[in-house]
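These notes are about the structure you will find just below.
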Amino acid sequence: MAEVEDFFKKVFDELEGNKKILTAVLTNIDSEEISQNLLGEMFLFDEDGIIDFSSEQLENELEQFLLNQDFKKEILELRENKNLDSQLKSIHLDQDNRLEIFLEPVVDQPHLTVFGAGHIAEPLVKICSLLDFTITVVDDREEFLNYDKFPTADQLLLLDYEDYFADAKIKENDYLVIVTRGHQHDYQVLKNVINSEAAYLGMIGSSRKIETVYNQLRDDGIKESKLEAVHAPIGLDIGSETPAEIAVAIAAEIIAVRRDK
Amino acid sequence: MKKDILKKIIKLKKENLKLARAFIIQAKSSSPRNTGTEMLITEEGETFGSIGGGQDEKTVIEKALDLIENGKSEKLKLTLTRKEAAEIGWVCGGQIDIFIQIIS
């Protein structure tokens with residue numbers, strides 16, 4: 001039926017606008033006035049209220065309750081619950097009518113892009129795939145980029161870094177780790193992403209190398225505040241020495257950013 | 001709901017396939033992180049995503065196929081033994097409620 005399809009398209013379109021949206025699925029209906037066949041139907045809402053219903057019948061049957069202040073208030077309370085995980089909620093439409101709804105934020109899974117397929121990337125990709133990230137590794141060296149080395153990567157891109165940026169769009173749920181083979185490449189990548197909306201931007205290197213790269217970027221007119229937002233030296237300071245230990249430190253830093261710590 | 005699942009639903013609906021989305025709505029005695037874990041099942045038995053694998057996932061898939069035929073969404077309660085729970089990485093046994101949502 002086109003109706004349901006349209007509903008999901010609507011959800012998708014709303015998500016593209018980077019808005020916080022929530023869906024609610026009717027998982028139990030305890031009511032004389034709401035038809036049982038509406039079980040599994042959904043509605044979509046944001047901070048301003050309900051945007052769409054999965055069927056006209058649902059809209060029609062809920063309409064009378066939408067005028068009810070208590071129900072309105074309950075919906076508002078639901079969306080005020082910031083950063084919420086999925087949860088089951090019981091809502092009172094009025095004294096005699098109750099719905100159980102499953103409330104879910106629609107989320108874009110965080111994405112990790114690792115620039116450079118060297119010895120840090122290998123353990124980092126392994127660890128981050130356990131953390132529910134989808135993962136892309138970019139490098140211009142074919143011998144480093146293969147699924148034997150990165151069995152859990154979602155995408156391996158054999159490209160010059162400049163070519164990668166020709167059509168890459170970096171969004172706010174992107175996490176970027178720069179671990180290329182040399183500071184000239186690190187500079188090139190960082191220059192391309194420093195003004196992006198990425199949630200996390202980290203670059204490996206000694207303080208001296210970092211300063212060299214930053215000076216080049218200053219010459220390019222990059223603002224100091226942008227440089228300060230880069231996580232460099234990369235990773236939490238846990239005294240890491242081996243590549244795997246460094247990868248753990250980077251992953252920990254990524255978790256901290258993701259969880260607003 | 002994850003964006004990639006949403007994309008998949010739109011794609012499968014374009015192909016005019018009937019499908020079900022199964023997701024964990026409540027999990028007692030386990031980490032709340034599991035709530036919202038979801039998978040898609042098409043009328044042809046193809047699946048996308050996973051709600052943990054094992055025998056329980058098989059039960060859910062079979063139930064979903066039945067429900068797709070009837071066109072009715074339903075709540076399913078599964079009780080996990082300690083051993084079954086351990087197999088899917090949960091600390092201890094308990095009950096999980098799964099909702100099978102028909103998208104027809």
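The values are calculated or read from the model by the stated rules, or taken from the named source; none is laboratory data. Just so we're clear, the structure is a prediction, and the values are computed from it rather than from any experiment. Note that we place each Cβ from the backbone using ideal geometry, even for glycine, and neighbour counts take in every protein chain shown.
Points worth noting:
- Selection status of A:Asp13, touching a residue at least 40 places away in the same chain (Cβ under 8 Å), farther than 28 Å from B:Lys77 by Cα and either in contact with a helix residue (DSSP H, G or I) (Cβ under 6 Å, 6 or more places away or on another chain) or within 12 Å of chain B (Cβ to nearest Cβ) (or both): no
- Any hit, segment A:226-239, residues being in a helix (DSSP H, G or I), closer than 23 Å to A:Leu131 by Cα and touching a residue at least 12 places away in the same chain (Cβ under 8 Å): no
- Per the listing B:Gly49, B:Gly36, the residue uniquely within 19 Å of B:Leu12 (Cβ to Cβ) and either basic (Lys, Arg) or at pLDDT 80 or above (or both) is B:Gly49.
- Residue under evaluation A:Ala247, criteria (1) in contact with a strand residue (DSSP E or B) (Cβ under 8 Å, 6 or more places away or on another chain); (2) under 19 Å from A:Pro123 (Cα atoms); (3) in contact (Cβ under 8 Å) with a residue 40 or more places away in the chain, criterion not met: (1)
- Test: residue in segment A:131-148 that is on the phi > 0 side of the Ramachandran plot and outside the structural domain of A:Leu15 (by TED's automatic domain parsing): yes
- In summary, strands (runs of 3 or more DSSP E) completely within segment A:55-157 and bearing 1 or more residues that are away from chain B (no Cβ under 14 Å), closer than 30 Å to A:Lys191 by Cβ and aliphatic (A, V, I, L, M) occur at A:111-115, A:134-139.
- Matching residues, segment A:16-51, being more than 23 Å from the chain's Cα centre (by Cα), within 11 Å of chain B (Cβ to nearest Cβ), in a loop (DSSP other than H, G, I, E, B) and at negative phi: A:Leu39, A:Glu41
Here's the yes/no breakdown for (1) hydroxyl-bearing (Ser, Thr, Tyr); (2) in contact with a Gly (Cβ under 7 Å, 6 or more places away or on another chain); (3) at pLDDT 90 or above:
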residue: A:Ile91; (1), (2), (3): no, no, no
residue: A:Ala117; (1), (2), (3): no, no, yes
residue: A:Pro123; (1), (2), (3): no, no, yes
residue: A:Tyr175; (1), (2), (3): yes, no, yes
residue: A:Val179; (1), (2), (3): no, yes, yes
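- Taking the conditions (1) under 20 Å from the mean Cα position of the chain (by Cα); (2) more than 23 Å from A:Pro243 (Cβ to Cβ); (3) surrounded by 14 or more Cβ atoms within 10 Å (Cβ to Cβ) in turn, A:Ile101 satisfies each one other than (1).
- Subset tally (residues that are touching a helix residue (DSSP H, G or I) at 6+ places or on another chain (Cβ under 6 Å) and buried (at least 21 other Cβ atoms within 10 Å of the Cβ)) for segment A:104-119: 4
- Close pairs from segment A:75-97: first of a type in the set (A, V, I, L, M), partner at pLDDT below 75, Cβ under 6 Å, at least 6 apart: A:Leu93/A:Phe71
- Counting only residues that are crowded, with 18+ Cβ neighbours inside 10 Å and either within 23 Å of A:Asp132 (Cα to Cα) or at pLDDT below 80 (or both), segment B:62-96 holds 5 of them.
- Of all residues in segment A:183-207, those being in contact (Cβ under 8 Å) with a residue 60 or more places away in the chain, over 20 Å from the mean Cα position of the chain (by Cα) and not in a helix (DSSP H, G or I) number 1.
- Within segment A:146-161, considering residues that are aliphatic (A, V, I, L, M) and in contact with a Ser or Thr (Cβ under 9 Å, 6 or more places away or on another chain), the one surrounded by the most Cβ atoms within 10 Å (Cβ to Cβ): A:Ala153
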